[in-house]
């Protein structure tokens, strides 16, 4: 078989074309057949970008958490300082506590009269006197504390003694039994110093001679000074049978 020169050229051209095609397909020097190359690059770039964004968000979250932690620590420090200041102020000023009450004296006198007006007056005076607090070093005055006996306060006329020892009717009859009961309660406390006291112009049945304490607003008074070192409170009460006075020491 004889191949002419013209056919031989075409055969060479075809072989060369096929060879170049194979080279281009496998070597792909211009990346013509790599369909996934760009997508892989884009995906890789996108993944890298996403990771960077996540890292940035994590860093921002860490910074926020650090700021929150710092803020919380700062607030806790402020609270600790405030608490310390409050404790210091309490230490300087002292915490107020209720005083401890201790009974230091108690005395009672018997009521012999069933006169309702007298008992009324005794009750009013005890109610006025009850709960009176005498500060340490302070002077107590019976007349100043109780005040004048007037009908506006509810006092009624009952037996009293005049300067000559004669009985007569007067507002506040019965008050002297309350002042006498208080006087004897005071006598049992050495640090309560009596500075004024008067005897009746006649005998009174509710106390022995020399232990009574007559009072009349504007003339006769019962006074004493509290030298106990603590405040005291006077408790006074009356029943149909007796008048009772209790002296309580108020100790902090």
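Worth a mention:
- Counting beta carbons within 10 Å around each of 194, 122 and listing the fewest first gives the order 194, 122.
- Projected label distance in nm at residue 115 and residue 141, using a 7 Å step from Cα toward the beta-carbon: 2.7
- The mean sequence distance of close C-alpha pairs (under 8 Å, at least 6 residues apart), as a share of the length of region 100-251, puts its relative contact order at 39 percent.
- For region 160-200, the alpha carbon convex hull comes to 71 Å³ per residue, rounded to a whole number.
- Span from the region 230-251 Cα centroid across to the region 98-168 one, whole angstrom: 11
- Three-way shape label, region 192-252, alpha-carbon gyration tensor, a/c 1.5: oblate
Computed from the coordinates by the stated procedures, all read-outs in this text should not be read as laboratory data. It should be emphasised that the depicted structure is a prediction, and the values quoted were computed from it without experimental measurement. Counting neighbours? That spans all protein chains shown, and the Cβs are built from the backbone with ideal geometry, glycine included.
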